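The values are calculated or read from the model by the stated rules, or taken from the named source; none is laboratory data. Please read these numbers as outputs of a predicted model, since none were measured by experiment. Every residue, glycine as well, gets a Cβ built from its backbone with ideal geometry; the counts of neighbours run over all protein chains shown.
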Amino acid sequence: MPILLHPHPLLRRRARELPAITEALRALAENMRETMLGQAGVGLAAPQVGESLRLIVADTSPNRNLPIALVNPVVAASSRETAAAEEGCLSVPGVREVVHRPARVTVRGLNLQGEKTEMECEGMLSVCMQHEIDHLDGVLFIDRLSRLKRERVLAKYKKMQTRESTE
Ligand code: NI
């Protein structure tokens, strides 16, 4: 599936809650998982593939064989302690920056069978879940940088995008 790139307006919209889990939704999740793995990403949110729905997929396992799909996910609790980690995003290619976020989070949502799930996340999974859930609210990781850093990064990104479109 093609991935929308910043500054596509759909990436800035608040995605819709899913009232039910359908066969079509499961197929979308599977397509997203393949797209994510094909692009060597660790997570992907439905708005990034043009579907303004509250669905995320992730796989932070070393062998990329423990996929997670969550419907209507929320961060139910966050640690006061923060951690800094380098992040990138398939919708902002070529940019990697250190972002500070709560070190641990509790994430709740539904799995693709419609069962309630709760996950205690730390390390890369914690970063990934917070990053992907942000996407559902129209928030990109670059928004979590200091203003100065964001402006510098966006100027570089704009230059890269212009170069690519003229080559
Ligand atoms: Ni992203």
>> Can you pull out every residue in segment 95-112 that is closer than 18 Å to residue 135 by Cβ, out of contact with any strand residue (DSSP E or B) (no Cβ under 6 Å at 6 or more places or on another chain) and not in a strand (DSSP E or B)?
In response: 95
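Among the residues of segment 120-149, count how many are farther than 18 Å from residue 53 by Cβ, of a type in the set (A, V, I, L, M, F, W, C) and without any contact (Cβ under 8 Å) to a residue 40 or more places away in the chain.
Going residue by residue through segment 120-149, those that are farther than 18 Å from residue 53 by Cβ are 120-128, 130, 141-149.
Remaining after also requiring of a type in the set (A, V, I, L, M, F, W, C): 121, 124-125, 127-128, 141-142, 145, 148.
Those left that are additionally without any contact (Cβ under 8 Å) to a residue 40 or more places away in the chain: 121, 148.
Counting residues in segment 120-149 that are farther than 18 Å from residue 53 by Cβ, of a type in the set (A, V, I, L, M, F, W, C) and without any contact (Cβ under 8 Å) to a residue 40 or more places away in the chain gives 2.
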> Limited to segment 69-87, what total is found for residues that are free of Cβ contacts under 8 Å to residues at least 40 places away in the same chain and either assigned to a loop (DSSP other than H, G, I, E, B) or within 16 Å of the ligand (Cβ to nearest atom) (or both)?
Replying inline: 4
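Taking residue 53 as the residue in question, decide whether it is away from the ligand (no atom under 15 Å from the Cβ), under 25 Å from residue 10 (Cα atoms) and under 13 Å from the mean Cα position of the chain (by Cα). Outline the logic, then answer.
Numbers: away from the ligand (no atom under 15 Å from the Cβ): yes; under 25 Å from residue 10 (Cα atoms): yes; under 13 Å from the mean Cα position of the chain (by Cα): yes.
Spelling it out, residue 53 is indeed away from the ligand (no atom under 15 Å from the Cβ), under 25 Å from residue 10 (Cα atoms) and under 13 Å from the mean Cα position of the chain (by Cα).
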> Pairs, please: C-beta under 7 Å, at least 6 apart or cross-chain, first residue farther than 15 Å from residue 131 by Cβ and in segment 33-44, second away from the ligand (no atom under 11 Å from the Cβ)?
Replying inline: 33/57; 33/67; 35/1; 35/49; 37/64
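May I ask you to say which residue of 91, 126 is among the hydroxyl-bearing types (Ser, Thr, Tyr), buried (at least 19 other Cβ atoms within 10 Å of the Cβ) and closer than 23 Å to residue 1 by Cα? Steps first, please.
Values: 126 fails: closer than 23 Å to residue 1 by Cα.
Selected residue: 91, the only one of 91, 126 that is among the hydroxyl-bearing types (Ser, Thr, Tyr), buried (at least 19 other Cβ atoms within 10 Å of the Cβ) and closer than 23 Å to residue 1 by Cα.
Of the residues that make up segment 20-31, is at least one at positive phi and in a loop (DSSP other than H, G, I, E, B)? Lay out the reasoning, then the answer.
Step one: filter segment 20-31 for residues at positive phi, giving none.
For segment 20-31, residues at positive phi and in a loop (DSSP other than H, G, I, E, B): absent.
Report yes if residue 83 is over 16 Å from the mean Cα position of the chain (by Cα), closer than 19 Å to residue 141 by Cβ and either surrounded by 14 or more Cβ atoms within 10 Å (Cβ to Cβ) or modelled with pLDDT under 95 (or both), otherwise no.
yes
Could we say that residue 153 is away from the ligand (no atom under 12 Å from the Cβ) and touching a residue at least 40 places away in the same chain (Cβ under 8 Å) here? Quick ask: steps written out before the conclusion?
Numbers: away from the ligand (no atom under 12 Å from the Cβ): yes; touching a residue at least 40 places away in the same chain (Cβ under 8 Å): yes.
Taking the combined requirement at face value, the residue satisfies it.
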